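**Student:** What follows is a structure written as structure tokens; I'll ask about it next.
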Amino acid sequence: MYLRTIHTDTDIPTLLQFIRDNALGVLLTAIPSEQYPLIQLSHIPWVLDTEDTSEIGKLRGHIARANPQSKNIMDTLKASSSQTLSEEVSILFNGPAHHYITPKWYVDTKPATGKVVPTWNYSAVQVYGTAKVYYDLKDPATSEYISKQVKDLSNQSETKIMGYTGQNGAEEPWTVEEAPERYVDLLSRSIVGIEVEITRLEGKFKMSQEDNEADRRGVIDGLNAVGSNVTKAVAQTVEARGALKATRSRR
């Protein structure tokens, strides 16, 4: 990921919260194989494990056993009699709100010089790490990991996304125990667990920070004028990141 200083965020708590708020990440692997493509990608919802907001911790996920990416991973691990990939993996988390920025919104630079071009505002966090894979169905650690992962991910999604907390009049969350045990067991055997020990994080918020205050205000006004939920969310982020830029420049 290209990281211009003005768009980069290195604050670990901020990046970890971004992952919690945008749990669907794209797992990227680059594993040499004669049978499968070198580069493979899969969308996976993740659970972030960290006891301290300043520590980067681990990501827990699972992938379909029938997925060509997991087949490539398993073949590689079986050949090396290992549970941990030697190749680094990456996971990309995208912010939910992104939008095209028209040069018409640069109310200062466009009329003054005309030296403006279109761009796109977006936010993303990229994770790099080492993947431990739970794929051996004969190993009790595999069933233990997958059982915990499925339950934790379901609870995270039910409570954090749907708001089903069972408190203050909210509905009770759905739990794995509500499904037939045999059914859950069959589905659990069809997935592979992936635990990524995070080695580094990269955060990018490309939200018009490079523009002067007048042009940035023009972008905010333009996005709000479009009036969609997405453009309003991007406008709010542009404003917040502009304020953060001003705060940091005074330090």
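Derivation of every value follows stated rules applied to the coordinates shown; laboratory data play no part. Worth saying up front: this structure is predicted, and the values here are computed from it rather than measured. Cβ atoms come from the backbone with ideal geometry, glycine included; neighbour counts cover every protein chain shown.
**Student:** Say we join alpha carbon atoms closer than 10 Å with springs in a Gaussian network model of the chain; which of Leu48, Leu137, Leu201 then has the biggest fluctuation?
**Tutor:** So, out of Leu48, Leu137, Leu201, the one fluctuating most is Leu137.
**Student:** Still on this model: Jot down the per residue volume, in cubic angstrom and as a whole number, of the convex hull over the alpha-carbon atoms of the chain. Intermediate results must be reported in sequence, preceding the final value.
**Tutor:** Values: hull volume 43.1 nm³, N = 251.
Enclosed volume per residue, from the Cα hull, is 172 Å³.
**Student:** Loop-only trypsin sites (Lys or Arg not before Pro) in the stretch 28-98, please: DSSP not H, G, I, E or B, and at most 14 other Cβ atoms within 10 Å.
**Tutor:** Values: sites: Lys58, Arg60, Arg65, Lys71, Lys78; in loops: Arg65.
Passing both the DSSP loop test and the Cβ count: Arg65.
**Student:** Let me ask something else. Just how large is the dipole of the chain about the Cα centre, in debye to the nearest 20, putting +1 at every Lys and Arg Cβ and -1 at every Asp and Glu Cβ?
**Tutor:** Values: 28 positive and 32 negative charges, 204 e Å.
Here the chain has a charge dipole of around 980 debye.
**Student:** Under 5 Å between amide hydrogens, which residues at least 5 positions from Val116 or on another chain qualify, with H placed 1.01 Å from N in the peptide plane?
**Tutor:** Excluding prolines and chain starts, which carry no amide H, there are no hits.
**Student:** Under 29 Å from the Cα of Lys110, which lysines turn up, not counting those fewer than eight places away in the same chain?
**Tutor:** Within reach: Lys204, Lys206, Lys232, Lys245.
**Student:** Rounded to the nearest 0.05, what FRET efficiency do Leu24 and Tyr128 have when you use their Cβ-Cβ distance and R0 = 22 Å?
**Tutor:** Values: r = 18 Å, r/R0 = 0.82.
Efficiency computed from Cβ-Cβ geometry: 0.75.
**Student:** Let me ask something else. Suppose a student asked you for the relative contact order of the stretch 1-95, using Cα pairs under 8 Å spaced at least 6 residues apart; what percent would you report?
**Tutor:** On the way: 115 pairs, mean separation 30.3, N = 95.
Relative contact order for the stretch 1-95 comes out at 32 percent.
**Student:** When the helices in the chain are scored as -39500 (n - 2.57) per DSSP H run of 4 or longer and the sum is shared across all residues, what 222 nm value do you end up with, to the nearest 500 deg cm²/dmol? All intermediate terms of the calculation are to be shown ahead of the outcome.
**Tutor:** Working: 7 runs with 88 residues, N = 251.
That calculation yields -11000 deg cm²/dmol at 222 nm.
**Student:** Follow-up. So what J values fall out for the stretch 57-70 if you push phi through Karplus, 6.51 cos²θ - 1.76 cosθ + 1.60 with θ = phi - 60°, rounded to Hz, Gly and Pro as x?
**Tutor:** x, 10, 10, 10, x, 8, 9, 4, 4, 7, 5, x, 5, 5
**Student:** Hey, another quick one. I want to check the label-to-label distance for Trp174 and Arg65. Put each point 7 Å from Cα in the C-beta direction and report it in nm to one decimal.
**Tutor:** Distance between label points: 2.3 nm.
**Student:** Tyr100 versus Val184, label points 7 Å from Cα toward the beta carbon: distance in nm?
**Tutor:** Distance between the two pseudo-spin positions: 4.7 nm.
**Student:** How about the stretch 1-79: which chymotrypsin sites (Phe, Trp or Tyr not before Pro) there lie in a loop by DSSP and see at most 15 other Cβ atoms within 10 Å? Can you show the working numbers first?
**Tutor:** Values: sites: Tyr2, Phe18, Trp46; in loops: Tyr2, Trp46.
Listed in order of number, the matching sites are Tyr2.
**Student:** Could you work out the Rg to Rh ratio of the stretch 70-207, with Rh taken as the Kirkwood radius (inverse of the mean 1/r over all Cα pairs)?
**Tutor:** Values: Rg = 22.3 Å, Rh = 19.2 Å.
In the stretch 70-207, Rg relative to Rh is 1.16.
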